[in-house]
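S.K.: Encoded as structure tokens, here's the structure I'll be asking about.
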Amino acid sequence: MVPRVRELALYTSISRFAAEHRLVQSGGLRAGLARLCILRSGESMSEANLVGGSQRDREQILKLHANYIDANFRFDWQKLEPIWSEAPEALFFNLNGHTYRGREHWFRLWKFYGQNVASSYWTPFDIGGVVSDDLAVVWCHRRTRRRWTGTAPPPKDIHYGGEEFITRSTMAFRKEAGGWRVVHAHFSEASSGERPGGV
């Protein structure tokens, strides 16, 4: 996609999202879009604390991480294809509590969610991780809202009422022939309750 077309597509996407979430009531469209751009970008590469590895590897990994975040709120399984490893040993733990073996299993889940869930952008923060020659782990928190749009009730009601909630994400990357790929991901809900022992 040429740069001008990419910019137009991004502007259109942001405009729709801003209107849906009423981000333009204060300060007009320009201010609303500016705020949303900050939300969509999460943290910049310089703010993400990845330790180890080469600068090139860190940049590639963070780009894949950002691409995943972008694909996630639209359940765009096709955009996920160059991110999720094709390796048969790849294993993914979803926020719903279930385990998905291999990327095709995960793709089927996203196709189901794409027909039944309307999600906002999963804004990442507290991004960190470690990188070695051929393995890397990236973790972060993510803030979002979503609604269940399916006719049947959800199998489990995990914040499908539109309220904001925070999740935790851990993604394991492995360097394969085609570049870095995710071989494992673990998503879980962050607790807002009292911490045991106040610790």
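Every number in this text was worked out from the coordinates using simple rules, so none of it is lab data. Because the structure is predicted, anything quoted here is derived from the model rather than measured. Reconstructed Cβ throughout: ideal geometry from the backbone, glycine too, with neighbour counts over all protein chains shown.
S.K.: In the range 98-199, what GluC sites (Glu not before Pro) fall in a loop by DSSP, with at most 13 other Cβ atoms inside 10 Å? Don't jump to the answer; show the numbers that get you there.
M.R.: On the way: sites: Glu104, Glu163, Glu164, Glu176, Glu189, Glu194; in loops: Glu163, Glu164, Glu194.
Listed in order of number, the matching sites are Glu163, Glu164, Glu194.
S.K.: In this model, which of Lys63/Lys175; Lys111/Lys156; Lys79/Lys156 are farther than 22 Å apart at the alpha-carbon? Mind dumping the intermediate values first?
M.R.: Numbers: Lys63/Lys175 14 Å; Lys111/Lys156 17 Å; Lys79/Lys156 26 Å.
The pairs that break the limit, which is 22 Å between Cα atoms, are Lys79/Lys156.
S.K.: Per residue of the range 54-62, in order, report the coupling 6.51 cos²θ - 1.76 cosθ + 1.60 (Karplus, θ = phi - 60°) as ³J(HN,Hα) in whole Hz, putting x for Gly and Pro.
M.R.: Listing the rounded values in order: 7, 4, 4, 5, 4, 5, 5, 5, 5 Hz.
S.K.: Can you pull out the trypsin sites (Lys or Arg not before Pro) in the range 107-177 whose DSSP state is coil and whose Cβ has at most 15 other Cβ atoms within 10 Å?
M.R.: Values: sites: Arg108, Lys111, Arg142, Arg143, Arg145, Arg146, Arg147, Lys156, Arg168, Arg174, Lys175; in loops: Arg145, Lys156.
Of the trypsin sites (Lys or Arg not before Pro), the ones in loops of the range 107-177 whose Cβ has at most 15 other Cβ atoms within 10 Å are Lys156.
S.K.: Also, quick follow-up: Restricting attention to the alpha-carbon atoms of the range 43-199, what are Rg (one decimal) and Dmax (integer), both in Å?
M.R.: In Å, with Rg to one decimal and Dmax whole: 15.9, 48.
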